[in-house]
Amino acid sequence: MSEYTAKDFKKGQPRWCPGCGDHFFLASLQKAMAEIGIAPYDTAVISGIGCSSRLPHYMATYGMNTIHGRAAAIATGCKVANPNLTVWQVSGDGDGLAIGGNHFIHANRRNIDMNMILLNNRIYGLTKGQYSPTSPRGFVSKSSPYGTVEDPFRPAELCFGARGHFFARAVATDAPGTIEVMKAAQAHRGASVCEILQNCVIFNEGTHESVYSAEGRKKNAIYLQHGKPMIFGENNEFGLMQEGFGLKVVKIGENGITEKDLLVHDAHCEDNTLQLKLALMEGPDFPVALGVIRDVEAPTYNDAVEAQIEDVKGKKKYHNFQELLMTNDTWEVK
Amino acid sequence: MTKNASVVDLDQVVVRFSGDSGDGMQLAGNIFSTISATVGNDICTFPDYPADIRAPQGSLTGVSGFQVHIGADKVFTPGDKCDVLVAMNPAALKTQYKFCKPTAAIIIDTDCFQEADLKKADFKTLNAIEEMGIKNDVIAAPITQMVKDCLADSGMDNKAILKCRNMFALGLVCWLFNRDLTVAANMLKEKFAKKPGVAESNIKVIQAGYDYGHNTHSSVSHTYTVDTKGVKDKGTFMDINGNKATAYGLIAAAEKAGLKLYLGSYPITPATDVLHELAKHKSLGVTTVQCEDEIAGCASAIGASFAGALACTSTSGPGISLKSEAMNLAVIMELPLVVLDVQRGGPATGLPTKSEQTDLLQCLFGRNGESPIPVITATSPTDCFDSAYMACKMALEHMTPVVLMTDAFIANGSAAWKLPKLEDYPAINPPYVTPEMKETWAPYQRNAEGSRYWAIPGTEGFTHILGGLEKDNKTGDISTNPENHDLMTHLRQEKINKIQVPDVEVMGDADNAELLIVGFGGTFGHLHAAMDEMRAAGKKVALAHFKYINPLPKNTASVLKKYKKVVVAEQNLGQFAGWLRMKVDNFAPYQFNEVKGQPFAVSEMVTAFTEIYNK
Ligand SMILES: Cc1ncc(C[n+]2csc(CCOP(=O)(O)OP(=O)(O)O)c2C)c(N)n1
Ligand code: SF4
Ligand SMILES: [Mg+2]
């Protein structure tokens, strides 16, 4: 049992707009942290700039609300320098994937042991409503009055492309789903990307409409669980099967299809092909995948750095500055 | 041939080794300077790398040079021009002859002055010496052939044999200066400890070069000695370049402060060797992260600093441009951070391998908002150690980013360095929070120096948030209060203004100089040499060389105002002069500005300063 409650992680009064998805996420994160049970003083929450990046201000942990886009790089240094800390990196879709896209992919590639939260509202909230790198093609915003003429990033694709080993998704208003994902992210040793579908009530209301309510999720989402068959629908009447190189939605009981014919989720599978297909599913033809989509063990950068230091310490004969000096060609002047 | 050449005793001599970038001139030069240092000479070296590292073999742009100045007494620069030039091929002769004094002796490898070689260096005739109108003594030796003969039985292949040509030239130079070869042999044995065969071959070739000189006394009328004079500084020494000294300074400071050293960096000439050096020293617990870009280098260092490490980020001018936003984050969060700028020629990609002092204003001001950052400029290769140490101490004790500026010239140049003792260096005491402060502490509470306290994550009772948004003075909560912002702007500035730095020393005719030379950073050696030359000519001249740029030493105004004439000499268009004018009322100096990417030429400065002196 954890000795902490959500209250131990709470601080101050959040200033987000009423109804903003960030409120819901914050509450779930605090509950998850309490359940995880790591002390607030051993926890660092590091964000960039954006509405979502205000989050560390409401946490009773150590934290930094830094500069736009650099949260992943700053969190990297924090974890590598002090591996005992539990590091949570929080970014919006602009912070994490536009200005900070480079750091996002490299943190994944290096596999820094930290939890990378991406609050995806598909908009720049703080700067009052410009399209973001996750806004769909044709999206009309203040900076795209005639619709965008570019395709969005799909965060899972970027994460997988960068050799990410953990990817999960939750809807901000779905407390149990979010808490589960946060706990799984913390349990995963390595970079854990969690895409949180978050609504911006002011500038992009309804962007995640189909899955934002519990009823919507029943119809339009599938909760993936490792080792469990892929079943979804209001009455659990649908399932997912593989067809050729792709996936297809089937109705259980129709055409002789039973639960046994359905795909069983394997989050630990090294090969990410099917996991990516699951992550990219979207309505109306497919349910949106929620939960832990990929969770594969791999060596982490920070562990490797520590191990290498220990290894070299054992091999080299100099262990302080004065000894270092004597490894050089020296001469005496008498 | 003069069989009985006399031995002439010199006070100082400059030797320049040059050849194709694959000819091993840096190694030959290094060994020669170490041999000289070992007998107690002072040394100052300057490697002049080719501008084009992928230049075709034998071409004019692929020439690599290494100049060493050795002195019976103190030497301050690698010397303007050389007394001996080694030119291993026609391209070297053509491009390096301009560094020769009229009296210089030139050593060439005649085997590499054949038709094809001459063509590669754009010679029109078959006699390079005549074509260039060279009247100097030339030792024309068939070096390649002699090396081949010498190693015929070594079992080495032709390519490996040719790699030893540099050692023959070195042997010849050692003969010319009556140098003992034992030191060279020991250095090679150590360098090639894993390949004793290679060491042996190299030693054999050095000896052959030496003997060749001895037996033929070819074309020179004298050999030389440079005997150590003056008071010898006793102790243990090594040869060190500026980048290595910087890395060592960071290591020493981390050890003294009892902190882990973290470097976040992205490779860039001429700063990369600091990353290389630190990456080696894992056994000292040094953590280096080669980041995805300079922004991440700085950002990750800030993360490391927050987490309780001595955090540094190293780069050159273009990288500073990328880091500036993150540097400001360290300003407002008031976290310790050392930012190293090894300056190179700019703007943009500019002259990557060349040296200038053009980043000063960028480092002082190149950020948004009021952004006070201390700036320290190292004055010589060995001073990089002290400057790096002091930059760390300042950053840690005053909870601020500090910019440490060096330049390509001192970063690559080397000098003899007396091994320091860490116990002789001042203690480093960051303002850590103490357990007693738990109840009352607030993140922006300040000590008497105006610094925030350092509460490191993992410490119970001190959880807090820092950030890039303006903070309330004390609580650290986000604040847009106009009075608070004004106060914080002043507090951040005053904290830097209050930092104690040593007074600037006036050297030379401090009491009665007619002309005060003023400089900063890596030009110290050249300015000192210029002053020495003018004083030797009977002029009353002094030098005030600045290492601490922000804040300036307390005695700055009084020093600058004391002398009738002041000339500020710098390798930019007047950035330091402008900074001084901003800080010292009614200061109107003469200026000497040159931005050639090359070290100052002492002779040119003496001419220019003398003109000012006589005005
Ligand atoms: C260097 C820099 N460029 C631009 C900005 C302006 N800016 C602040 S937040 C932001 C985008 C925020 O979008 P996102 O990261 O998606 O966060 P959200 O507000 O949607 O949660 C921008 C463009 C800035 N603060 N700094
Ligand atoms: S603007 Fe949008 S993202 Fe920002 S706080 Fe308001 S609702 Fe949330
Ligand atoms: Mg957003």
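The values are calculated or read from the model by the stated rules, or taken from the named source; none is laboratory data. Keep in mind that what you see is a predicted model, and the values were worked out from it rather than measured. Note that each Cβ is placed from the backbone with ideal geometry, even for glycine, and that neighbours are counted across all protein chains shown.
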So which residues in the stretch A:80-94 are within 11 Å of B:Thr287 (Cβ to Cβ) and in contact with a helix residue (DSSP H, G or I) (Cβ under 7 Å, 6 or more places away or on another chain), if there are any at all? A:Val80, A:Ala81, A:Pro83
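Does A:Gly92 count as within 15 Å of ligand 2 (Cβ to nearest atom) and either buried (at least 24 other Cβ atoms within 10 Å of the Cβ) or within 15 Å of the chain's Cα centre (by Cα) (or both)?
So A:Gly92 fits the description; yes.
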Number of the condition not met by A:Lys218 [criteria: (1) in contact (Cβ under 8 Å) with a residue 24 or more places away in the chain; (2) assigned to a helix (DSSP H, G or I); (3) not acidic (Asp, Glu)]: (1)
B:Tyr262 fails exactly one of the following numbered conditions: (1) in a strand (DSSP E or B); (2) among the hydroxyl-bearing types (Ser, Thr, Tyr); (3) more than 9 Å from every other protein chain (Cβ to nearest Cβ). What is the number of that condition? (3)
For the stretch B:285-391, which fully contained strands (runs of 3 or more DSSP E) count at least 3 residues that are more than 16 Å from ligand 2 (Cβ to nearest atom) and more than 12 Å from every other protein chain (Cβ to nearest Cβ)? B:337-343, B:375-377
Can you find even one residue in the stretch A:62-72 that is within 12 Å of ligand 3 (Cβ to nearest atom), within 17 Å of the chain's Cα centre (by Cα), surrounded by fewer than 24 Cβ atoms within 10 Å (Cβ to Cβ) and free of Cβ contacts under 8 Å to residues at least 60 places away in the same chain? no
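Let's see how each residue does on (1) at pLDDT below 95; (2) within 14 Å of another protein chain (Cβ to nearest Cβ):
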residue: B:Thr2; (1), (2): yes, no
residue: B:Val7; (1), (2): yes, no
residue: B:Ser36; (1), (2): yes, yes
residue: B:Ile43; (1), (2): yes, yes
residue: B:Tyr49; (1), (2): yes, no
residue: B:Gln57; (1), (2): yes, no
residue: B:Lys74; (1), (2): yes, yes
residue: B:Cys82; (1), (2): no, no
residue: B:Leu85; (1), (2): no, no
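Rundown of residues vs (1) outside the structural domain of B:Ser451 (by TED's automatic domain parsing); (2) of a type in the set (Val, Ile, Thr); (3) more than 30 Å from A:Gly63 (Cα to Cα), yes/no style:
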| position | (1), (2), (3) |
| --- | --- |
| B:Pro482 | no, no, no |
| B:Ala513 | yes, no, yes |
| B:Thr523 | yes, yes, yes |
| B:Ile549 | yes, yes, yes |
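Taking the stretch B:268-284, which residues are over 18 Å from the mean Cα position of the chain (by Cα), among the hydrophobic types (A, V, I, L, M, F, W, C) and more than 7 Å from chain A (Cβ to nearest Cβ)?
Within the stretch B:268-284, just B:Ala279 meets the criteria.
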So, of the residues in the stretch A:123-132 that are more than 14 Å from every other protein chain (Cβ to nearest Cβ) and more than 7 Å from ligand 3 (Cβ to nearest atom), which turns out to be surrounded by the most Cβ atoms within 10 Å (Cβ to Cβ)? A:Tyr131
Conditions first: (1) surrounded by 14 or more Cβ atoms within 10 Å (Cβ to Cβ); (2) not in a strand (DSSP E or B). B:Tyr224 passes all but one, so which condition is the exception? (2)
Looking across the stretch A:103-122 at residues that are surrounded by 24 or more Cβ atoms within 10 Å (Cβ to Cβ) and hydrophobic (A, V, I, L, M, F, W, C), the single one that is farthest from ligand 2 (Cβ to nearest atom) is A:Ile112
Here are some conditions: (1) away from chain A (no Cβ under 14 Å); (2) over 17 Å from B:Thr110 (Cα atoms); (3) not in a helix (DSSP H, G or I). B:Asp180 meets all but one. Which one does it not meet? (1)
Contact list, first residue from the stretch A:304-331 and facing chain B (nearest Cβ under 7 Å), second anywhere and in a loop (DSSP other than H, G, I, E, B), beta-carbon distance below 7 Å, six or more apart or interchain, is A:Ile309/B:Gly285; A:Lys313/A:His319; A:Tyr318/A:Thr327; A:Leu324/A:Tyr318; A:Leu324/B:His281; A:Leu325/B:Leu419; A:Thr330/B:Leu419
Looking at the stretch B:79-132 only, could you name the residues that are among the small types (Gly, Ala, Ser), surrounded by 22 or more Cβ atoms within 10 Å (Cβ to Cβ) and part of a loop (DSSP other than H, G, I, E, B)? B:Gly79
Looking only at the stretch A:198-215, and only at residues there that are of a type in the set (Val, Ile, Thr) and assigned to a loop (DSSP other than H, G, I, E, B), the one that is farthest from ligand 2 (Cβ to nearest atom): A:Thr207
When you scan the stretch A:136-144, do you find a residue that is within 13 Å of ligand 1 (Cβ to nearest atom), part of a loop (DSSP other than H, G, I, E, B), small (Gly, Ala, Ser) and touching a Cys at 6+ places or on another chain (Cβ under 9 Å), even just one? no
Taking the condition under 29 Å from A:Ala34 (Cα atoms), assigned to a helix (DSSP H, G or I), away from ligand 1 (no atom under 16 Å from the Cβ) and touching a residue at least 12 places away in the same chain (Cβ under 8 Å), does A:Gly177 pass? yes
Scan A:Val201, A:Val193 and give me the residue that is under 30 Å from A:Thr127 (Cβ atoms) and crowded, with 23+ Cβ neighbours inside 10 Å. A:Val193
Filter the stretch A:1-54 for residues that are among the charged types (D, E, K, R) and within 13 Å of ligand 3 (Cβ to nearest atom); which is surrounded by the fewest Cβ atoms within 10 Å (Cβ to Cβ)? A:Arg54
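Could you list, in sequence order, all residues of the stretch B:248-259 that are free of Cβ contacts under 8 Å to residues at least 40 places away in the same chain and either farther than 24 Å from B:Lys421 by Cα or more than 10 Å from every other protein chain (Cβ to nearest Cβ) (or both)?
Initially, the stretch B:248-259 is screened for residues free of Cβ contacts under 8 Å to residues at least 40 places away in the same chain, giving B:251, B:258.
Once the filter is applied, which keeps residues that are free of Cβ contacts under 8 Å to residues at least 40 places away in the same chain and either farther than 24 Å from B:Lys421 by Cα or more than 10 Å from every other protein chain (Cβ to nearest Cβ) (or both), the stretch B:248-259 yields only B:Gly258.
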Do we have B:Ile31 as within 27 Å of B:Gly235 (Cα to Cα) and either modelled with pLDDT under 90 or outside any loop (DSSP other than H, G, I, E, B) (or both) here? yes
Please enumerate the residues belonging to the stretch A:86-106 that are closer than 20 Å to B:Thr313 by Cβ and away from ligand 1 (no atom under 16 Å from the Cβ). A:Val87, A:His106
Is at least one residue of the stretch A:57-80 farther than 21 Å from A:Ala162 by Cα, within 14 Å of ligand 2 (Cβ to nearest atom) and not polar (S, T, N, Q)? yes
